[in-house]
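Chemist: The structure's right below; bear with me while I get my questions together.
Coordinate-derived values only; no laboratory data. Computed from a predicted structure; not experimentally measured. Cβ coordinates were reconstructed from backbone atoms using ideal geometry, including for glycine residues, and neighbour counts include every protein chain displayed.
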Amino acid sequence: MGAGHPRVQVNLYQDTNADGNIDDINGVAGVQLADVDNYPFNNFPGTEDIDRNTNGVFDYGDALQVAWTDSWDDNLPTGAQGDVFSLHGLPTDCYDGLRNFNQVRPAVFDGGYRSRGRPGDG
Ligand SMILES: [Ca+2]
Ligand SMILES: [Ca+2]
Ligand SMILES: [Ca+2]
Ligand SMILES: [Ca+2]
């Protein structure tokens with residue numbers, strides 16, 4: 001997967017014995033891949049999602065960690081110079097045009113991610 005893809009699930013598995021196969025870490029015999037929660041989120045299991053064991057719950061399977069890449073559209077910066085205005089019916093703040101010149105705002109970029117660990121790992 002290349003950088004720059006927003007809202008993509010990233011699964012981390014371990015292979016401590018370097019045999020090229022995912023290690024079984026969840027106490028269930030064999031290797032279970034993590035379920036997949038595709039966008040939109042917070043609706044699992046939606047019709048766009050993959051619930052491998054059809055139990056209605058998002059399971060990590062044998063994944064160590066699961067994360068989703070950042071989306072610029074889901075984390076728009078605020079507080080830009082100038083008034084909020086409407087563009088195509090949407091309130092627009094930090095519109096990338098001449099009016100904001102070279103303002104720098106904290107924001108995410110499409111495709112960034114960091115791991116959050118398995119549930120219960122703190
Ligand atoms: Ca292995
Ligand atoms: Ca397993
Ligand atoms: Ca979903
Ligand atoms: Ca499941």
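Chemist: Set Lys and Arg Cβ to +1 and Asp and Glu Cβ to -1, take the dipole of the chain about its Cα centre, and tell me which of Val8, Ile25, Asn75 lies farthest positive.
Modeler: Going by the charge dipole, the pick is Asn75.
Chemist: Just how large is the dipole of the range 1-100 about the Cα centre, in debye to the nearest 20, putting +1 at every Lys and Arg Cβ and -1 at every Asp and Glu Cβ?
Modeler: Dipole size: approximately 320 debye.
Chemist: Give me the three principal axis extents of the chain from the C-alpha atoms, as integers in angstrom, largest value leading.
Modeler: If we take the Cα atoms of the chain, the spans are 59, 31, 27 Å.
Chemist: Here is a further query. Could you tell me the calculated FRET efficiency between Val31 and Tyr113, based on Cβ-Cβ distance and R0 = 30 angstrom, to the nearest 0.05?
Modeler: 0.85
Chemist: Taking only Cα atoms and a 10 Å spring cutoff, compute GNM fluctuations for the chain and point out the largest among Gly30, Gly111, Gly20.
Modeler: Comparing Gly30, Gly111, Gly20 in a Gaussian network model of the chain, the most mobile one is Gly20.
Chemist: Run the quick spin-label model on Asn43 and Gln103: label points 7 Å from Cα toward the beta carbon, then report their separation in nm to one decimal.
Modeler: About 3.2 nm separates the two model spin labels.
Chemist: Which whole-number percentage describes the relative contact order of the range 23-74, with Cα contacts under 8 Å and a sequence gap of 6 or more?
Modeler: RCO, the range 23-74: 37 percent.
Chemist: Can you work out ³J(HN,Hα) from phi for every residue in the range 72-87, in order, using Karplus 6.51 cos²θ - 1.76 cosθ + 1.60 and θ = phi - 60°, giving whole Hz and x for Gly and Pro?
Modeler: 4, 4, 8, 9, 5, x, 10, x, 6, 5, x, 7, 5, 9, 9, 10
Chemist: Now a separate question. Over the chain, what is the relative contact order in percent, taking alpha-carbon pairs closer than 8 angstrom and at least six residues apart?
Modeler: 30
Chemist: If you build a Gaussian network model of the chain, linking Cα atoms that sit under 10 Å apart, which residue out of Pro45, Pro91, Pro77 swings the most?
Modeler: For the chain, modelled as a Gaussian network with Cα springs under 10 Å, the answer is Pro91.
Chemist: How would Val10, Val66, Val31, Val57 line up from fewest to most surrounding beta-carbon atoms within 10 angstrom?
Modeler: Ranking Val10, Val66, Val31, Val57 by Cβ neighbours within 10 Å, fewest first, gives Val57, Val31, Val10, Val66.
Chemist: Give me the extension gain from Asn55 to Ala67: residue separation times 0.36 nm, minus the current Cα-Cα distance, reported in nm with one decimal.
Modeler: Net length gain for the segment: 2.2 nm.
Chemist: Also, quick follow-up: Skipping prolines and chain starts, which residues have an amide H placed within reach, meaning under 5 Å, of the one on Val10, given they are 5 or more residues away or on another chain?
Modeler: Ala67, Trp68, Thr69
Chemist: Here is a further query. Just Ala34, Ala80, Ala63 to compare: in a GNM of the chain, with alpha carbon springs under 10 Å, which one fluctuates most?
Modeler: Sorting by GNM fluctuation, first place goes to Ala80.
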